[in-house]
2 protein chains.
Amino acid sequence: MDKKSKSLSKNQKIILDFIQKNKKPVKAYSILSNVQKKGINAPPQVYRALDRLIEIGKIHRVESQNSFVACKISNCDTPHETVFSICNSCEIVSEINDPKLFKHLKAFKDNDGTKFDGYNLEFFGTCKSCINKQIENIQY
Amino acid sequence: MDKKSKSLSKNQKIILDFIQKNKKPVKAYSILSNVQKKGINAPPQVYRALDRLIEIGKIHRVESQNSFVACKISNCDTPHETVFSICNSCEIVSEINDPKLFKHLKAFKDNDGTKFDGYNLEFFGTCKSCINKQIENIQY
DNA sequence: AAAAATTATGTTATAATATAACATTATATT
DNA sequence: AATATAATGTTATATTATAACATAATTTTT
């Protein structure tokens, strides 16, 4: 039985559940304050669960935001090969599922011929919704 | 005159100079302790200079490490389009200069047709030197 | 050159993010 | 049942980053 199919512990379930309920990525201390009523009291309990959930691919860390988001790719088996688009304005994050791009990145070798065992790619821009809001707010 | 050609301020010079002297990325508080003899006393002075140096493309932030590294691409005019390879073992970072990959990433559009104005890509693996060390250390 | 605007500096305090270390309990494996 | 592994609970502390304010230097405009 591999790590993915092992059942989650109590704290891991509570924290995964909270992350999955949120459309936007959540911060560790926001998780903490939201699960305190479930008996999780201190940062290490949160960070441990986060580490484990990342390891098994249930969530990802959004590096540029220090935040955590549920994996949107069903049966994801590549937790360390991630691509996100991030809106500079509302900070919403979408996981990008583009097999062609994945293939291209997976095949990448550097000058030395070093092959990599993972990557994280974050695209930055302004999402449609925020562009529309900007247009609405132009004053004539 | 654009931002790039503006001359740097005193603190910006001191901090850029220190970052450029280091092969590996450096952390903000390591910068601070190393430039205190030059009269830089407090974190905000470091972070302000870092922000500015990033903005003008002289340095980049390595997101997965909370560290800062000098830009290795001469006359870089795309400070928000960065690709790095990072050794999981020694944490050395190399900036990747691969026009074909850049072109591919620059051209990327998501499902909604959103075009992005920047990206950061970090590849993870084990560098040649660390692989060699591992081989040397195998005990028979 | 004087006035105004912008950019950078210096400083103190504090916020936000993350881990070390240790004792204990629960769960899986042999 | 014994052992090993993984998870928990807890306190304290380390690390990373920013807010807020006063001042000084530099650039731009008049």
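Summary of values
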item	result
Qualifying positions in segment B:81-133 - in contact with a helix residue (DSSP H, G or I) (Cβ under 8 Å, 6 or more places away or on another chain) and at positive phi	B:Glu91
Test: residue in segment B:84-100 that is surrounded by 13 or more Cβ atoms within 10 Å (Cβ to Cβ) and within 10 Å of DNA strand C (Cβ to nearest atom)	no
Subset tally (residues that are open to solvent by 40 Å² or more (accessible area, probe 1.4 Å) and facing chain B (nearest Cβ under 7 Å)) for segment A:125-140	1
Residue within segment A:68-75 that is within 12 Å of chain B (Cβ to nearest Cβ), not polar (S, T, N, Q) and not in a loop (DSSP other than H, G, I, E, B) present	no
Search result, residues across segment A:118-140 that are assigned to a loop (DSSP other than H, G, I, E, B) and more than 28 Å from A:Ile19 (Cα to Cα)	A:Asn137, A:Ile138, A:Gln139, A:Tyr140
Boolean, B:Thr78 is open to solvent by 30 Å² or more (accessible area, probe 1.4 Å), of a type in the set (Val, Ile, Thr), within 14 Å of chain A (Cβ to nearest Cβ) and within 26 Å of A:Lys115 (Cα to Cα)	yes
Subset of segment A:95-117 [modelled with pLDDT of 95 or more and assigned to a strand (DSSP E or B)]	A:Glu95
Considering residues of segment A:99-120 that are within 21 Å of B:Cys130 (Cα to Cα) and touching a Leu at 6+ places or on another chain (Cβ under 8 Å) only, the residue farthest from the other protein chains (Cβ to nearest Cβ)	A:Phe108
Residue count for segment B:26-71, restricted to those that are open to solvent by 20 Å² or more (accessible area, probe 1.4 Å), farther than 19 Å from B:Lys13 by Cβ and either of a type outside the set (Lys, Arg) or away from DNA strand D (no atom under 16 Å from the Cβ) (or both)	5
Close pairs from segment A:37-52: first of a type outside the set (A, V, I, L, M), partner more than 8 Å from DNA strand C (Cβ to nearest atom), Cβ under 7 Å, at least 6 apart	A:Lys38/A:Ile14; A:Pro43/A:Leu32; A:Gln45/A:Asn11; A:Arg52/A:Gln12
Which numbered condition A:Thr82 fails, given (1) closer than 24 Å to B:His60 by Cα; (2) out of contact with any Phe, Trp or Tyr (no Cβ under 9 Å at 6 or more places or on another chain); (3) at pLDDT 95 or above	(2)
Positions within segment B:1-20 being at pLDDT 95 or above and either out of contact with any strand residue (DSSP E or B) (no Cβ under 9 Å at 6 or more places or on another chain) or open to solvent by less than 60 Å² (accessible area, probe 1.4 Å) (or both), in sequence order	B:Leu8, B:Ser9, B:Lys10, B:Asn11, B:Gln12, B:Lys13, B:Ile14, B:Ile15, B:Leu16, B:Asp17, B:Phe18, B:Ile19
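Yes/no matrix, rows are residues, columns are (1) closer than 21 Å to A:His80 by Cβ; (2) under 11 Å from the mean Cα position of the chain (by Cα):
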site	(1), (2)
B:Ala70	no, yes
B:Asn75	no, no
B:Ser85	yes, yes
B:Val93	yes, yes
B:Phe124	yes, no
B:Asn137	no, no
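The values are calculated or read from the model by the stated rules, or taken from the named source; none is laboratory data. Keep in mind it's a predicted model, so treat the numbers as computed, not measured. Backbone-built Cβ (ideal geometry, glycine too); neighbour counts: all protein chains shown. With ligands, DNA and RNA removed, areas are computed over all heavy atoms of the protein, side chains included. Shrake-Rupley method; radii C 1.70, N 1.55, O 1.52, S 1.80 Å.
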